[in-house]
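In what follows, a single structure is set out as structure tokens and then discussed.
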Amino acid sequence: MRYYASIDLVTNPQDWQPPTTPGPARPRYGEYVPRGVPLGTAAGASDRSATGGVGDPLFSVGPPEWTPPPKPGLIPLRPLGFGTLLGAPFQVLRRNPKATFGSALLVQAAVTLVSLVVVGLVTVLALNRVASAPIDERDAVEAGANLTMVLSAVVPVALSVIAAALLQGVIVVEVARATLGEKLRLAALWRAAGRRLWTLVLWTVLLGLALLLAIALVAGVVVALVLLGQVWLPLAVIVGILGVLAILGAWSWVYTRTSLVPSLIVLERLTIGDAVRRSWFLTTGYFWRTLGVQLLVAVIVNLVAQVVTTPLSILFGMAVVLVDPNGAFDAYIPSWILFVLIMFVSLVLGAVAAVVQSAATVLIYLDLRMRKEGLDLDLQHFVESAQAGRNDLPDPYLHATLPGANTAPGSPGA
């Protein structure tokens, strides 16, 4: 029966087209086209020919014709596989290196330079003051110098928090727009990320304070047990070990469940509370997948960094010995050269790691929204409309509603 049906469809002049004439348009990704229905014809049409039509007994509806998902830019517009989640973050660097790697390198170089200048100058001045102080006042001057050096470290720490938040926002915008086939310049990325900078900074500070509070709590209990006497020393050791393990486990769980917050703050323009609730909703049922991708990307980046820096340090040490075997040069010259070289390599590798790890988290966010909310269909509609010449399209990433929101059809956000 299938043999005669295929002969009938081929010999039917209404269904057959010569190879020289262009055929009808292929169906879009996700569009259902039953087997036996010519491309370009509505699947439910009733005015088909008697032979090979819907009413023909030889006609059998098979699986829909498959078309590959569109890939306008960085990733295909469909739920992502594990391999794509691991490989796409490294493609972010190659696709737009000036905006991504350039941003990371500028940010990290600025933080390093400010740290060296501020902390270095304050340390030198404080030590000189201690050295020139009278002997009877040296203890007080030394205590003041130590306090000054500790306070000077607050400046680079604050700058590091702001720089990390800015870089996160830049990578979020870059990955989101690259998914749609857009390629923004560095200035445009910085402007887009700057609109949500202080919310990102606040979230980074809150996350860091939560970790410091947990560490301080465990350390306080251990110190209290030690002060009670040597009898409590074994218990202090046990509490310390269990406390560290508990902090690592709790931190991994909380960080994984809230790792999508920067993407939600930037792309969906949510407050911190709404972003935390929504990140918790999106990662529900995908905790181990999210944690696994983040850990594997971090391990790959760190292994590459070790592979680069370890041989470099060994070769440089051997080169110094070969060039100056008797130590004729001053001892500080090779040390400074090694310090500058290692710092430069660390800046480059740190910039790569920051971009790749941030991009991996954004891709996880996109994948979970595609799986749970059908974001891939919204992105496809946006790309198709943009290619058709429409310029008044709303941002496709803003069409989500918070989990649990009761929106009626036709209402905003429905």
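Quick note: the coordinates plus some simple rules give every number you see, no bench work behind them. These numbers come from a predicted model, not from an experiment. We place every Cβ from the backbone using ideal geometry, glycine too, and count neighbours over all the protein chains shown.
Worth pointing out:
- Relative contact order (%) - criterion: Cα under 8 Å, at least six apart; region: the range 72-192: 41 percent
- Fully extending the segment from I342 to L180, taken as 0.36 nm per residue of separation minus the present Cα-Cα distance, adds 54.5 nm.
- log10 of Debye I(q)/I(0), alpha-carbon scatterers only, for the range 82-384 at 0.07, 0.09, 0.16 Å⁻¹: -0.39, -0.63, -1.34
- Projected label distance in nm at L235 and S385, using a 7 Å step from Cα toward the beta-carbon: 6.6 nm
- For a label point 7 Å along the Cα-to-beta-carbon line of V118, residues of the range 137-155 with backbone N under 19 Å: 145-155
- Binning the alpha carbon pair distances of the range 74-218 at 10 angstrom intervals from zero yields the distribution 10, 26, 27, 19, 11, 6, 2, 0, expressed in whole percent.
- Cα shape, the range 337-403, gyration tensor, a/c 1.5 rule: prolate
- Relative contact order [Cα under 8 Å, 6+ residues apart], the range 125-261, whole percent: 16 percent
- The stretch between V221 and L151 holds 22.5 nm of extra length on full extension. This uses 0.36 nm per residue minus the Cα-Cα distance.
- Spin-label pair L295-S252: with each label point 7 Å from Cα along the Cα-Cβ axis, the two points sit 0.5 nm from one another.
- Of all lysines in the structure, the ones whose alpha carbon falls short of 26 Å from that of K98, not counting any fewer than 8 places away in one chain, are K71, K183.
- FRET efficiency for the pair D274 and A210, taken as 1/(1 + (r/R0)^6) with r the Cβ-Cβ distance and R0 = 25 Å, rounds to 0.85.
- Mean Cβ count within 10 Å, highest first, over the residues of peptides 179-185, 228-234: 179-185, 228-234
- Packing-based order for 213-221, 352-360, 270-278, using average beta carbon neighbours within 10 Å, highest first: 352-360, 270-278, 213-221
- FRET efficiency, 1/(1 + (r/R0)^6) with R0 51 Å, evaluated for N128 and V244 via beta carbons: 0.80
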